[in-house]
Amino acid sequence: RLMAITFDDGCQSFYEHAFPVLRELGCPATLFIVTAPAGSLGLPFMNDRRRLAWDQLSRLHEACMEIGAHTVNHPILARIGNDQAREEIATGRDRMRELTGVPIRYFAYPNGKPGRDYYAAHVKIVRDLGFSAAVSTAPGVATFGSDLLQLPRFTPWDRQPARFALDRKSTRLNSSHV
């Protein structure tokens, strides 16, 4: 059985709270980082949260945390043109590669709802840019046949007990396929 632990946006709270626990348990994780300078996003929920500093990201990478791309400005890709979407995705990837010195293999779609926040054209852009895998926020469990460029994830904001139980049942049913 496999599990991937992911965190989006690059908030300071990861470094302060999650990273020490993950390090103590020996659990790697992937962080999908928005690369725009702090305070410049035009997204109040992002500007109000403290963002990771570049030196912290470098230390996280050195501690075997995978760094992934999450665009520059966190736009909803479905609301911008394809050329702008390609620029957001590629530039975010390139900035992360400059920081870490290694290829950036993974991408997270901002907000990540298929058909609402991103479309098939964006999946093609991610494929054309050479990413190995990408995650959405479609709920579910990845199986052997899952589209590697639209992997489902469970999200912390889905706190409905019935949904959690259904997700656990799905995990047990599909675990032999991963």
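The values are calculated or read from the model by the stated rules, or taken from the named source; none is laboratory data. Just so it is clear, the model here is predicted, and its values are computed rather than measured. Cβ: placed from backbone, ideal geometry, glycine included. Neighbour counts: every protein chain shown. Just the protein is used for accessible areas: all its heavy atoms, side chains included, with ligands, DNA and RNA removed. Shrake-Rupley method; radii C 1.70, N 1.55, O 1.52, S 1.80 Å.
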Which of the residues belonging to the range 72-118 are farther than 27 Å from Arg23 by Cβ and among the polar types (S, T, N, Q)? Asn73, Asn82, Gln84, Thr91, Asn111
Would you mind stating whether Glu88 is in contact with a helix residue (DSSP H, G or I) (Cβ under 9 Å, 6 or more places away or on another chain), open to solvent by 10 Å² or more (accessible area, probe 1.4 Å) and farther than 21 Å from Thr155 by Cα? yes
Hey, Arg95 hits all of (1) open to solvent by 20 Å² or more (accessible area, probe 1.4 Å); (2) in a loop (DSSP other than H, G, I, E, B) but one; which does it fall short on? (2)
Please specify each residue of the range 1-34 satisfying the condition of being at positive phi and out of contact with any helix residue (DSSP H, G or I) (no Cβ under 9 Å at 6 or more places or on another chain). Gly26
Within the range 67-94, residues of a type in the set (D, E, K, R) and touching a residue at least 40 places away in the same chain (Cβ under 8 Å) come out as Arg86
With respect to Phe32, is the statement that it is of a type in the set (Phe, Trp, Tyr), assigned to a strand (DSSP E or B), open to solvent by less than 40 Å² (accessible area, probe 1.4 Å) and modelled with pLDDT of 85 or more true? yes
Checked the range 1-22 for anything of a type outside the set (Val, Ile, Thr), part of a helix (DSSP H, G or I) and open to solvent by 60 Å² or more (accessible area, probe 1.4 Å); matches are Ser13, Glu16, His17
Among the residues in the range 107-127, are any among the basic types (Lys, Arg), under 14 Å from Ala69 (Cβ atoms) and part of a loop (DSSP other than H, G, I, E, B)? no
Taking the residues in the range 103-157 that are surrounded by fewer than 15 Cβ atoms within 10 Å (Cβ to Cβ) and acidic (Asp, Glu) as candidates, determine which candidate is nearest to Glu87 (Cα to Cα). Asp128
